[in-house]
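Colleague: Here's a structure for you.
The values are calculated or read from the model by the stated rules, or taken from the named source; none is laboratory data. Computed from a prediction, not measured in an experiment: that's the story for all the values here. Note that each Cβ is placed from the backbone with ideal geometry, even for glycine, and that neighbours are counted across all protein chains shown.
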Amino acid sequence: MQALSILNTKKLSPEQLFMLSVLSVNGGNYLYNLILGRVLGPAQFADAAVLITFLLVLSFVAMTFQLVTAKFSVLFENSMFNNFISRVYKNALLVGVSFGVLIIVFSNQLQQIFNTSSSSMFVVFGIGVPLYFLMSVNRGVFQGKKEFKLLSITYQGEMLSRLLVTLGLIFLFNLQSSIVIAFGILISFVFGLVPFKTEHISLKRTFIDANQTKNIRNFFILTSFYELTQIIINNSDILLVKHYFESYEAGLYASLALIGRIVYFIAWMFVMLLLPTVVKLKKEGKDTTSILFKYVGYIAIIAITIVMGCAIAPKLAITLLFGDSYLAMAPLLWKYALATGMFAVSNIFAYYYLSLDKYVPVIISGVFGMLQMLLVVFFHQSLEQVVHMQIIAMISLLVIQMIFFKIQSNKSVQTS
């Protein structure tokens, strides 16, 4: 009650409330992963990590629809907005069903590729995929219209339902299979749809101006390409480790990745606020670089703090979060955090230019995403070498992104 009274007297802005909500969602997701890691142990947690990684991959694919919806929800109004939303929902459902069917059909092959104990977990996961795409479009509307309270509710609902359902089945019925985890993910997609706005959806054929259709298509292609690079950079290492290493080592690496990615998930919160703000400022003809500097500064400070913490007390962090079974990863913790920290900062630059319809940073991210994956494919004699390859790729990516920003700034000054 005291905390609520403090929040009321401070009168937090919707953006600040959303940031607090995202922190709690990330905290809940971390709790979910940490409990799974402790309960299942390294070998079984490797299977769970594959499903969690699939969920992250799905979130990046669906994020394309969310970002496109968010951007044009700022630019479009009235009937144009309604036509646009109806078209996006139809396309998102089509893509979601297609991905879901593919996952179900190739579930046996996925089991063999990732050395999992069951193919059924992919079937259950595939059933929920269309729901996730609809959920992402719904969130895109809230994000673009800056309805951060409703946006927060959808994330809270998804996180809490997944946490409670999964852990409830594990502890109440002593079920420790990957199918239980997949079922928990499926149920969370249902709760993540709440609240779902239907007033903007029409089953009738919608019309959008040819020029606007071209703009939407170009931004969609650009965003989808960038989200593909996000998938490669964020998840290829876990999937490749699961492929090249034994389940025990893959489980150890999954715990390392989960701790080291704290900075990236915090950075994602700022990305959600960055895009609609930059689009709005550009629409009004105002300067946008101050927003970029502010968010880059935030992420840099957070990244440095986390890397230093991981370097000073790696054994304490791993013991508290995962337990003694994962202590073998302690020497690599700060190194992995360094790689993800640099990626988080470079990601802010990329999303900033994505908001301004600049293509080059997206291509740069794609190149270095492929570079990271190829480095791991050719150099994976040990888990330490895998981490070193990611550091090399992410240092190079951040340096190139900063050079591009400097060049663009000099051009703007000369033009002025």
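Colleague: If we scan segment 259-276, do we find a residue that is out of contact with any Gly (no Cβ under 9 Å at 6 or more places or on another chain) and without any contact (Cβ under 8 Å) to a residue 12 or more places away in the chain?
Modeller: The answer is no, given that none of the residues of segment 259-276 is out of contact with any Gly (no Cβ under 9 Å at 6 or more places or on another chain) and without any contact (Cβ under 8 Å) to a residue 12 or more places away in the chain.
Colleague: Continuing with the same structure: Could you go through segment 129-139 and let me know if any residue there is of a type in the set (D, E, K, R) and surrounded by fewer than 18 Cβ atoms within 10 Å (Cβ to Cβ).
Modeller: no
Colleague: Determine whether Asp287 is buried (at least 19 other Cβ atoms within 10 Å of the Cβ) and either among the polar types (S, T, N, Q) or modelled with pLDDT of 75 or more (or both).
Modeller: Here the answer is no, as Asp287 does not meet what is asked.
Colleague: Now for a different question. Tally the residues that are under 22 Å from Ile103 (Cβ atoms), in a helix (DSSP H, G or I) and not hydrophobic (A, V, I, L, M, F, W, C), restricting the search to segment 146-196.
Modeller: 8
Colleague: Given (1) at pLDDT 75 or above; (2) in the same structural domain as Val377 (by TED's automatic domain parsing); (3) of a type in the set (Phe, Trp, Tyr); (4) closer than 30 Å to Ile301 by Cα, identify the lone condition not met by Phe225.
Modeller: Going through the list (1) at pLDDT 75 or above; (2) in the same structural domain as Val377 (by TED's automatic domain parsing); (3) of a type in the set (Phe, Trp, Tyr); (4) closer than 30 Å to Ile301 by Cα, Phe225 breaks only (2).
Colleague: Moving to a separate point now. Among Gly100, Gly168, which is under 22 Å from the mean Cα position of the chain (by Cα) and either of a type in the set (Gly, Ala, Ser) or within 18 Å of Leu58 (Cβ to Cβ) (or both)?
Modeller: Just one listed residue meets the conditions, Gly100.
Colleague: In segment 81-100, is there at least one residue being at pLDDT below 85, outside the structural domain of Pro276 (by TED's automatic domain parsing), assigned to a helix (DSSP H, G or I) and surrounded by fewer than 17 Cβ atoms within 10 Å (Cβ to Cβ)?
Modeller: Yes, segment 81-100 contains a residue that is at pLDDT below 85, outside the structural domain of Pro276 (by TED's automatic domain parsing), assigned to a helix (DSSP H, G or I) and surrounded by fewer than 17 Cβ atoms within 10 Å (Cβ to Cβ).
Colleague: I've got another one for you. Given the residues Lys294, Lys280, which is the only one that is out of contact with any strand residue (DSSP E or B) (no Cβ under 6 Å at 6 or more places or on another chain), free of Cβ contacts under 8 Å to residues at least 24 places away in the same chain, assigned to a helix (DSSP H, G or I) and within 30 Å of Phe65 (Cβ to Cβ)?
Modeller: Lys294
Colleague: Here is a follow-up. In segment 17-46, how many are more than 21 Å from Lys242 (Cβ to Cβ) and among the aromatic types (Phe, Trp, Tyr)?
Modeller: Summing the residues that are more than 21 Å from Lys242 (Cβ to Cβ) and among the aromatic types (Phe, Trp, Tyr) in segment 17-46 gives 1.
Colleague: Something else: Would it be correct to say that Gln16 is under 18 Å from Phe219 (Cα atoms) and assigned to a helix (DSSP H, G or I)?
Modeller: no
Colleague: Any chance segment 39-49 includes a residue that's at pLDDT 75 or above and among the polar types (S, T, N, Q)?
Modeller: Checked against the condition, which is being at pLDDT 75 or above and among the polar types (S, T, N, Q), segment 39-49 yields no hits at all.
Colleague: What's the total number of residues in segment 306-351 that are modelled with pLDDT of 85 or more and within 17 Å of the chain's Cα centre (by Cα)?
Modeller: Total satisfying the criteria: 11.
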